[in-house]
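The next block holds one structure in the form of structure tokens; read it before the comments.
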Amino acid sequence: MALNLFFALLGGLLVLAFVANRLVRFTGVPDVIILMATGVLIGPVRHWVNPEIFRGATQGFGSLALILILFEGGLELKLREIVSHFGGGLFLAIFSYVLSAVGVALVCRHALHFAWIPSLLVGAALGCISSSIILPVLQQVNLRREVKVTLLVEATFGDALAVLAVTTLLDIAAGGSASAKVITWSLFASVILAVTSGVLIGALWSYLLPLLSEERFWHVLTFGVVLLIYSGVHAVHGNELVAVLVFGLTLSNYPAAQRRFQLGDASESGDWFSETPVKQEHGRLHAQHHGQMLTFHGELAFLIRTFFFVLLGALVEFDGLRKHAVLALGCFGALLIARWLSVQTGRFAWRAFTSHERELMIWFLPRGLITAVLGIEIVEARGADFEFLPSLAFAVILITNLALLIGALRARRLFPEQVPAVTELAVPDITP
């Protein structure tokens, strides 16, 4: 490909990604569908790019995007709000993930005649919903805040649960210990190590930021610290993604940072459900540094995420997709049943939710970035027996995002946006 054509294609993809992201508010169509369809078009359909050149970089792109998304999520979370809805969201995350993973494992066990561990590996990769996909939709639907926060907590912990499960199962498949006690302790220790590291480094960095934020490129320096946290916690066998999330959460909620960046007033700073994280009042920007940090890391995540999903679509093999279409539909059926059971079983945790709100929670089950990344990781670790997994992950991502589209359209119908009433100006009586 000529260099100028490559740059034109690169610029076109970024413009398309921006337009697709903005169109979510009008169409409800998740931008990931448009990005993957574009990848299919420029790859296996038109052959404008040779995706094999980038195959080795796919996991790196996906992991980097996931790091940025989780850090951004931690920066935008309000600790008090998370605590108030923590129980319901955590229950939904764990119960839905376990049921989904087991359901997909049962489908693979019967359809592919796999043993339990390989079947559970597929289920573990397909079991969690995607925070990077569900967020733009939550921003655009008129659901009560309690429902949105519950879904957000689930999505945030779902990524970490999937990574823990796949890592543990890969260790078992490679000949590691399968003792339930050892597995439980390993999971507990990795999470505790990650939380401790994230809190301590976040508290330290919140004291250093007042000195560093006056210097140029301090956003890049913070990004470098995020990467060091990820690598360091991974090196000591902690959960690196949880550490990144907790680092962002601590940085945003620690009192020293709140005093410096005016983050304590939730009414003036943005959150996960606001498309404009920094509000203007009387000509002054509140929480300016916080908004700058969100903007830098959010746009960097947007850039990496765009390339990843386009590349994922370009790597699709139609033969494998057709071959495993029935398996993908079976996995989606298992995911939908597991989701319904989880939402109905957890009614005690969200008794104030209406039947319509619970129905919408069932449709909000998109798979995305973490599913694709873990699928690629399993193929690299286990080899030829799992060559079908990237195509299967692509199909499941596509189908679950279409289900999310149904949920978004249902939400707009059941809970339409309230149009503010127009106050008529009084016309003075000038009759003599």
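Taking every residue in region 349-360 that is farther than 18 Å from Leu90 by Cβ and pairing it with any residue that is surrounded by fewer than 16 Cβ atoms within 10 Å (Cβ to Cβ) and at pLDDT below 90, at least 6 positions away or on another chain, the pairs with Cβ-Cβ distances below 8 Å are His356/Leu414; Glu357/Arg144; Leu360/Leu414.
Only a single criterion out of (1) assigned to a helix (DSSP H, G or I); (2) among the β-branched types (Val, Ile, Thr); (3) closer than 25 Å to Val32 by Cβ is not satisfied by Thr345, namely (3). Exactly one residue out of Ser179, Ser190 is modelled with pLDDT of 75 or more, of a type in the set (Gly, Ala, Ser) and more than 20 Å from Ala408 (Cβ to Cβ): that is Ser190.
Given the condition among the acidic types (Asp, Glu), under 30 Å from Gln140 (Cα atoms) and either modelled with pLDDT under 85 or in contact with a helix residue (DSSP H, G or I) (Cβ under 7 Å, 6 or more places away or on another chain) (or both), answer yes or no: does some residue in region 29-43 qualify? Scanning region 29-43, I find at least one residue that is among the acidic types (Asp, Glu), under 30 Å from Gln140 (Cα atoms) and either modelled with pLDDT under 85 or in contact with a helix residue (DSSP H, G or I) (Cβ under 7 Å, 6 or more places away or on another chain) (or both), so the answer is yes.
Report yes if Leu321 is over 25 Å from Val147 (Cβ atoms), in contact with a Lys or Arg (Cβ under 9 Å, 6 or more places away or on another chain) and in a helix (DSSP H, G or I), otherwise no. Against the criterion (over 25 Å from Val147 (Cβ atoms), in contact with a Lys or Arg (Cβ under 9 Å, 6 or more places away or on another chain) and in a helix (DSSP H, G or I)), Leu321 does not qualify.
Test Phe157 against the criterion of being at pLDDT below 85, surrounded by fewer than 17 Cβ atoms within 10 Å (Cβ to Cβ) and in a helix (DSSP H, G or I), and give yes or no. No; evaluated as a whole, the condition is false for this residue. Among residues of region 381-406 that are among the basic types (Lys, Arg), those with a beta-carbon under 7 Å from a residue that is assigned to a helix (DSSP H, G or I) at least six positions away or on a different chain give the pairs Arg382/Ala173.
Selection of first residues in region 199-228 that are closer than 17 Å to Thr250 by Cα and without any contact (Cβ under 8 Å) to a residue 12 or more places away in the chain and of second residues that are crowded, with 16+ Cβ neighbours inside 10 Å and β-branched (Val, Ile, Thr), restricted to Cβ pairs under 9 Å at least 6 apart or on distinct chains, gives the following pairs, ordered by first then second residue: Leu200/Thr250; Leu228/Ile201. Residue count for region 289-323 satisfying the condition of being without any contact (Cβ under 8 Å) to a residue 60 or more places away in the chain and open to solvent by 20 Å² or more (accessible area, probe 1.4 Å): 4.
Residue check: is Phe114 open to solvent by 10 Å² or more (accessible area, probe 1.4 Å) and outside any helix (DSSP H, G or I)? For Phe114, the condition - open to solvent by 10 Å² or more (accessible area, probe 1.4 Å) and outside any helix (DSSP H, G or I) - is met.
So that you can scan it fast, the table gives a plain yes or no per residue for (1) in a loop (DSSP other than H, G, I, E, B); (2) touching an Asp or Glu at 6+ places or on another chain (Cβ under 9 Å); (3) open to solvent by 100 Å² or more (accessible area, probe 1.4 Å); (4) modelled with pLDDT under 60:
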{"position": "Pro390", "(1), (2), (3), (4)": "no, yes, no, no"}
{"position": "Phe394", "(1), (2), (3), (4)": "no, no, no, no"}
{"position": "Ile397", "(1), (2), (3), (4)": "no, no, no, no"}
{"position": "Arg412", "(1), (2), (3), (4)": "no, no, no, no"}
{"position": "Ala421", "(1), (2), (3), (4)": "yes, no, no, yes"}
{"position": "Glu424", "(1), (2), (3), (4)": "yes, no, yes, yes"}
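The values are calculated or read from the model by the stated rules, or taken from the named source; none is laboratory data. Bear in mind the structure is a predicted one, so any value in this text is a computation, not a measurement. Using ideal geometry, Cβ is built from the backbone for each residue, glycine included, and neighbour counts are taken over all protein chains shown. Ligands, DNA and RNA are stripped out before the accessible areas are found, and what is left, the full protein with its side chains, is counted by its heavy atoms. Shrake-Rupley method; radii C 1.70, N 1.55, O 1.52, S 1.80 Å.
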